[in-house]
Amino acid sequence: MENILELQQVSKSFPSSGFRLENITFSLPYGTIMGFVGENGAGKTTTIGCVLNTIAEYSGTVKLFGKKMLDTDTDIREKIGVVYDGDNFPAYLNANQLAHVMAGFYKQWDNDLFQKYLRDFKLSAKQKIKHYSKGMTMKLAIAVALSHHPQLLILDEATSGLDPVMRDEMLDVFLDFVQEEGHSILLSSHITSDLEKIADYITFIHNGKLIMTVTKDDLLYNYAVMRCTENQFTSIDNDDIVAYRKRDYQIDVLLADGKAAQKNIKTP
């Protein structure tokens, strides 16, 4: 088995808003980190909801650890640690009370490990969560996600509320996590420096559609974003254009082979 997570032609429509997630297909190999990027409203959280089976009536196929996850598959859920960008836990609890609740959910809950993360992250075990800062609540959520020994972490903007120093420390925690055999991370983030540091693959979606899945090295060394005029844009080979956005009198273009495209583009 090569992939810890596989999506094939996953689609979901929301008639009330008009948004549609359309034919999302990508795979996350074991032992790797995938950066999941796109603008706000692109469909990242919706995709994660389909993966976790918290969104009903989507089409396509999602496989975790080689099989489809049903509502009754608690053994699969045990293997997944999840952090959302937002309120993850009841605010009236403190960390120790939360640990007691989590021990009832997860067979492999490790309270000694959880207490270690509280110390490492400098979180009070007895302070109510409602008195935590946003950064503290995100660190608590990450500590919980790691403390039941998951194999797959799914992180939705999990570093967004952290200061730069703590964010770097957290990225090191994620890198340590994937050093263990059979561990992987799907990391939704808009912080490109985080992805540049730790991601092996980048999956980019826009307006509910998959734009590309590439290795980070391929993206850094071969792809390019070019700002050009309408006349220059028409001279670019369509096969080289991954995506583009028009801005008043100029166009931003994502190119699959930046060097080759720049050689062929018309000069003003």
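Before moving on, here are some points about what is shown:
- Tally of residues being crowded, with 21+ Cβ neighbours inside 10 Å and not aliphatic (A, V, I, L, M) across segment 7-21: 1
- Every condition in (1) of a type outside the set (A, V, I, L, M, F, W, C); (2) in contact with a helix residue (DSSP H, G or I) (Cβ under 7 Å, 6 or more places away or on another chain); (3) in contact (Cβ under 8 Å) with a residue 40 or more places away in the chain holds for D257 except the one numbered (3).
- Those residues of segment 56-71 which are surrounded by fewer than 17 Cβ atoms within 10 Å (Cβ to Cβ), assigned to a loop (DSSP other than H, G, I, E, B) and either under 19 Å from the mean Cα position of the chain (by Cα) or of a type outside the set (A, V, I, L, M) (or both), in sequence order: E57, G66, K68, D71
- Within the option set T234, T213, being in contact with a Phe, Trp or Tyr (Cβ under 6 Å, 6 or more places away or on another chain) and either surrounded by fewer than 17 Cβ atoms within 10 Å (Cβ to Cβ) or touching a residue at least 40 places away in the same chain (Cβ under 8 Å) (or both) holds for one residue only, T213.
- Restricting segment 83-94 to residues that are buried (at least 17 other Cβ atoms within 10 Å of the Cβ) and in contact with a helix residue (DSSP H, G or I) (Cβ under 6 Å, 6 or more places away or on another chain), the residue that is farthest from H131 (Cα to Cα): V83
- Every test in (1) in the same structural domain as L64 (by TED's automatic domain parsing); (2) assigned to a loop (DSSP other than H, G, I, E, B) is passed by I236 save one, and that test is (1).
The values are calculated or read from the model by the stated rules, or taken from the named source; none is laboratory data. The structure displayed is predicted, hence computed values, not measured ones. We place every Cβ from the backbone using ideal geometry, glycine too, and count neighbours over all the protein chains shown.
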